[in-house]
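J.: If you scroll down you'll find the structure; I have some questions about it.
The values are calculated or read from the model by the stated rules, or taken from the named source; none is laboratory data. Since the model is a prediction, treat every value here as computed from it, not as a measurement. Cβ: placed from backbone, ideal geometry, glycine included. Neighbour counts: every protein chain shown. Note: areas computed on protein heavy atoms with side chains; ligands, DNA, RNA excluded. Shrake-Rupley method; radii C 1.70, N 1.55, O 1.52, S 1.80 Å.
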Amino acid sequence: QVQLVESGGGLVQAGGSLRLSCTASGITFSINAMGWYRQAPGKPRELVAGITSGDSTNYADSVKGRFTISRDNAKNTVYLQMNSLKPEDTAVYYCKVEWTGYDFWGQGTQVTVSS
């Protein structure tokens, strides 16, 4: 059974930084793509950043230059370094992995940025 556990969310002041982690268990061979999404109250879930098995990355325009996604394949872990946080970054952040043709989601971690 595949499980994703996220950590690193919290409350931070505008301009601050947070690092999110997401570790997948129950994975028996290489994960394909991994990514971070977020959902603010009253808004649809949106892609924040993605990374392929070949380490190609893509970012939402709103986070380019501030957020960095990375992965550690040996640990089945994906990270999201978030710098220069803004109040509009406040949301529940979810990780997603693509494995064996299926998408698996984490439970979400709250990120709150105060002004």
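J.: What's the percent breakdown of Cα-Cα distances in region 1-63 across 10 Å bins, shortest bin first?
T.: So the P(r) values, bin by bin, are 16, 44, 33, 7.
J.: Also, I was wondering about something else. Magnitude of the Cβ-charge dipole of the chain, K/R +1 and D/E -1, about the Cα centre, nearest 20 debye?
T.: Numbers: 10 positive and 9 negative charges, 34 e Å.
Computed charge dipole of the chain: roughly 160 debye.
J.: Compare R45, R19, R66 by solvent-accessible area with a 1.4 Å probe and give them largest first, with all protein chains kept in place.
T.: Descending order: R19, R45, R66.
J.: Determine, from the Cβ-Cβ distance of Q1 and Q81 and an R0 of 30 Å, the FRET efficiency 1/(1 + (r/R0)^6), rounded to the nearest 0.05.
T.: 0.55
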